[in-house]
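Remarks on the structure that follows.
Derivation of every value follows stated rules applied to the coordinates shown; laboratory data play no part. Since the model is a prediction, treat every value here as computed from it, not as a measurement. All Cβ positions, even for glycine, are placed from backbone atoms using ideal geometry, and neighbour counts span all protein chains on display.
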Amino acid sequence: MKEVLIALLSAIVWGTAPLIFKIGLKGEISPLAGIFFHNLTASVVALITMVIIRESFSYPLRDVAIISFGGFVSGFLGLLLYYKAIKIGEVSVVAPIVASSPLWASVFAVLILGESFSLLKFAGAVLVVVGVILITISRA
């Protein structure tokens, strides 16, 4: 139950981020520069927090490499596409489409990690797709 509360808080925090990004991207800053400042801020705050709580800096190289690759995929490629979409589109359309990422995570988890895919998970995935379609066509 604790993980559900933490995930919900994360969703609420992430739900405010597109608004902040859209406001920042209305000016002269490019999506690429936005990613730089976004990730720089996140890195500096994470580093300061790690120092304060005395978090270890010694981790297996394989784990660091995998997390770093994930950072490149999501923290650079994903954010670059997201920022470009936010800059030119409406947050109310772009954010829900991007929020279909759990659908893709579920599909990839089944295909790559061999996780189970139940009827209930399938129904949830269909609802995500239908929701994205409805929000996308509602802008017309």
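Can you list the residues, at least 5 places off or on another chain, whose amide H is less than 5 Å from the amide H of residue 99, using H built in the peptide plane?
none
What is the magnitude of the charge dipole of the chain about its Cα centre, with +1 placed on the Cβ of each Lys and Arg, -1 on the Cβ of each Asp and Glu, and no other charges, expressed in debye to the nearest 20? Intermediate results must be reported in sequence, preceding the final value.
Numbers: 9 positive and 6 negative charges, 44 e Å.
Charge dipole of the chain: 220 debye, to the nearest 20.
Loop by DSSP (not H, G, I, E, B), at most 16 other beta-carbon atoms within 10 Å: where is the longest site-free stretch of the chain for chymotrypsin sites (Phe, Trp or Tyr not before Pro)?
Values: sites that count: 57, 117.
Of all site-free stretches, the longest is 58-116.
Just to be sure I understand the rule: take each whole DSSP H helix in the chain, project its Cα atoms onto its long axis, keep it if the span is 20 Å or more and its mean Kyte-Doolittle hydropathy is at least -0.5. Which ones pass?
On the way: long enough: 2-25 (35 Å, 1.56); 31-52 (31 Å, 1.80); 119-137 (27 Å, 2.67).
Length and hydropathy pass: 2-25, 31-52, 119-137.
Identify which of 96, 18, 60 has the largest mean-square fluctuation in a Gaussian network model of the chain, with springs joining Cα atoms closer than 10 Å.
So, out of 96, 18, 60, the one fluctuating most is 60.
Can you give the direction-averaged projected area of the convex hull of the alpha-carbon atoms in segment 100-140, in nm²?
Values: hull surface 11.2 nm².
Projected area, direction-averaged: 2.8 nm².
Taking the chain as a Gaussian network, Cα atoms linked when under 10 Å apart, which of 45, 128, 73 shows the biggest mean-square fluctuation?
In this elastic network of the chain, the residue with the biggest mean-square fluctuation among 45, 128, 73 is 45.
State the label only: which of (i) 10.4; (ii) 10.9; (iii) 12.0 corresponds to mean projected area of the Cα convex hull in nm² computed from the shown model?
Checked against the structure: label (ii).
Could you name the lysines whose alpha carbon sits less than 26 Å from that of residue 84, not counting residues in the same chain fewer than 8 places away?
Of all the lysines, those that pass the test against residue 84 - Cα under 26 Å, at least 8 places apart if same chain - are 22, 26.
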